[in-house]
């Protein structure tokens with residue numbers, strides 16, 4: 001797999017002073033990084049590893065010259081504000097806010113001085129994290145994976161695989177970008193002439209019910225929209241899709257690896273590595289306000305050909321040639 005590269009949008013603008021709590025933290029034997037995640041530790045192991053790798057590349061190795069304190073919401077977004085407050089009270093030198101825009105907003109509400117580096121698939125401007133992508137804002141900057149703005153492309157890819165199929169779409173109504181996702185899906189429906197059924201699902205039980213409804217309606221494929229919950233529930237979703245013989249697509253490559261038919265999106269592991277690098281830069285003295293929000297320039301399409309064969313789906317050679325990776 002080729003390493004995915006990220007670039008900054010435009011040039012960094014300078015200005016906006018920020019008190020530097022990191023400077024005080026740097027005087028300690030080990031600065032403390034708070035990691036605020038919306039998901040679960042088990043689910044995010046590879047992404048945490050990528051973040052720690054980025055920190056190491058920036059000169060900070062966990063357990064040697066930096067300590068990392070983890071706080072996980074386990075998909076319960078309402079827990080994030082209290083967890084952010086915990087990290088602030090430790091105190092920490094910096095907060096990494098990972099998994100959607102909710103961790104970033106919770107960290108923002110908890111502190112206006114401790115630097116924050118976020119990684120989110122939602123639009124960070126619309127989410128209120130920053131006012132523009134050219135620079136950070138005050139004590140916050142980060143990485144935007146723009147995953148929530150790719151639902152139309154995922155629908156288009158499913159439509160290419162199954163041009164006659166009606167498609168079921170799952171959206172988590174509690175995801176901050178849910179409204180924007182619904183609007184993007186509707187726009188794609190009009191442009192492509194699709195027939196879809198949209199169902200809100202925010203718990204494993206609701207995902208079970210959604211698939212039962214998709215099967216009852218005799219739909220031909222399923223799209224699980226970008227959402228940290230769907231990312232963590234990927235094995236369950238992939239198993240349901242296989243059970244009902246429904247071709248399913250989602251946003252993280254791990255979904256295809258778990259048995260889903262396909263995934264399309266930015267390389268999340270690379271985004272988390274960049275998050276670690278950004279965190280390291282701030283620990284070394286850079287100001288968040290001077291660091292532009294970064295976005296991916298490369299996206300990958302992963303196809304699980306083994307799953308396609310298991311559900312009796314033939315995928316054209318021309319389409320397979322477009323895939324960045326084929327799982328056999």
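The values are calculated or read from the model by the stated rules, or taken from the named source; none is laboratory data. Because the structure is a prediction, the values reported are computed rather than measured. With ideal geometry, Cβ positions are generated from the backbone for all residues, glycine too; neighbour counts draw on all protein chains shown.
Descriptive notes on the structure:
- When each of 279, 269, 308, 286 is tested for being modelled with pLDDT of 95 or more and within 26 Å of residue 74 (Cα to Cα), the lone residue that passes is 279.
- Residues that are outside any strand (DSSP E or B), surrounded by 24 or more Cβ atoms within 10 Å (Cβ to Cβ) and more than 11 Å from the chain's Cα centre (by Cα) within region 254-273 comprise 255, 256, 260, 261, 273, listed in sequence order.
Condition check ((1) surrounded by fewer than 17 Cβ atoms within 10 Å (Cβ to Cβ); (2) touching a residue at least 24 places away in the same chain (Cβ under 8 Å); (3) more than 22 Å from the chain's Cα centre (by Cα); (4) within 27 Å of residue 105 (Cα to Cα)) across all residues:
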position	(1), (2), (3), (4)
170	no, yes, no, yes
173	yes, yes, no, yes
179	yes, no, no, yes
185	no, yes, no, yes
193	yes, no, yes, no
207	no, yes, no, yes
215	yes, yes, yes, no
219	no, yes, yes, no
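- Any hit, region 296-311, residues being over 30 Å from residue 33 (Cβ atoms), in a loop (DSSP other than H, G, I, E, B) and in contact (Cβ under 8 Å) with a residue 60 or more places away in the chain: yes
Okay, residues lined up against (1) buried (at least 24 other Cβ atoms within 10 Å of the Cβ); (2) outside any loop (DSSP other than H, G, I, E, B); (3) not assigned by TED's automatic domain parsing to the domain that holds residue 110:
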| position | (1), (2), (3) |
| --- | --- |
| 123 | no, no, no |
| 131 | no, no, no |
| 141 | yes, yes, no |
| 159 | no, yes, yes |
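- Whichever residue in region 218-238 is part of a helix (DSSP H, G or I) and in contact with a helix residue (DSSP H, G or I) (Cβ under 8 Å, 6 or more places away or on another chain) and, among such residues, is farthest from residue 77 (Cα to Cα): 238
- Only one of 205, 177, 241, 212 that is touching a helix residue (DSSP H, G or I) at 6+ places or on another chain (Cβ under 7 Å) and outside the structural domain of residue 78 (by TED's automatic domain parsing): 177
- Yes/no for residue 51 being in a helix (DSSP H, G or I), touching a strand residue (DSSP E or B) at 6+ places or on another chain (Cβ under 8 Å) and at pLDDT 95 or above: yes
- In region 242-253, the residues that are in contact (Cβ under 8 Å) with a residue 40 or more places away in the chain and either more than 17 Å from the chain's Cα centre (by Cα) or on the phi > 0 side of the Ramachandran plot (or both): 242, 245, 246, 247
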